[in-house]
Amino acid sequence: MILKITLIGLIVGVIGTGLGGILAVLFNEKASKYMSFFMGLSGGIMLSLVMFDLIEEAIEGIGIVYAVILIFLGALATKILKEKVKINGENASGYLMLTSIIMHNLPEGLAIGTTFLAEPKRGIAMAATIGMHNLPEGLALAIGFICNKASGKRAIIMSMIAGLPIAIGCFIGSSFGEIFSAITGVLLSIAAGMMMYVVMDEMIPESKSLYTIIGVMLGIVIVKSIAQ
């Protein structure tokens, strides 16, 4: 059963984000030509995931006060990481986003694993929903790399790597159950803060045009449509 759940997590994670990466590569030429729009689109996807998904789940898990504190700490940790580790250059936003998505996907894997163990049908439904959410995540991540002149191959590989923690979370969740499910809200809060910092500091400021607003709004529509 543990192996089955882990394989489901691997499929949901890697294929979900990987497909998003492939879609981004299909727009490779347009991404460089209309950078403001695509960076706005990527930022809109990430921001809406934070506002409509991560923060809501985090508050349900640990309460609004602890969630707000940890979101702030997540953003602060990302700022310190960027300055101390010298994450800069053309792909800085891409690597920062990769880190935040990894932090986000691990607790999602934990949720799938623990739920699947208790109620298999509900676990499958949750895995399918998270798989659909992973597509815009992979799209946003890959766009972040492509807009900064990374190759399509690297963009796809990075989007697939971002999905791997779901399989790891599924394994841990199905193996240890409630022990690790208790920290899901903590990890989601930190991930929300990390994503918010990346969007506000790296992505939106680099896309300074009316196309940015159009991209952000379209990103929000995409996430909300998939969430329905």
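Considering (1) closer than 18 Å to L164 by Cβ; (2) modelled with pLDDT under 85; (3) β-branched (V, I, T), the lone condition that V25 does not fulfil carries the number (1). One residue alone among M132, M126, M195 is modelled with pLDDT under 80, over 14 Å from the mean Cα position of the chain (by Cα), among the aliphatic types (A, V, I, L, M) and within 24 Å of I11 (Cα to Cα), and that residue is M126.
Taking the conditions exactly as written (within 23 Å of I161 (Cβ to Cβ), at pLDDT 75 or above, touching a Cys at 6+ places or on another chain (Cβ under 6 Å) and of a type in the set (S, T, Y)), does T17 satisfy them or not? In short, no. If you go through region 63-78 one residue at a time, do you hit one that is outside any loop (DSSP other than H, G, I, E, B), in contact (Cβ under 8 Å) with a residue 24 or more places away in the chain and in contact with a Lys or Arg (Cβ under 7 Å, 6 or more places away or on another chain)? No, region 63-78 has no match at all. Residues that are touching a helix residue (DSSP H, G or I) at 6+ places or on another chain (Cβ under 8 Å) and surrounded by 19 or more Cβ atoms within 10 Å (Cβ to Cβ) number at least 3 in the following helices (runs of 4 or more DSSP H) confined to region 123-199: 152-176, 184-198.
The values are calculated or read from the model by the stated rules, or taken from the named source; none is laboratory data. Remember, it's a predicted structure, so these values are computed and weren't measured experimentally. Using ideal geometry, Cβ is built from the backbone for each residue, glycine included, and neighbour counts are taken over all protein chains shown.
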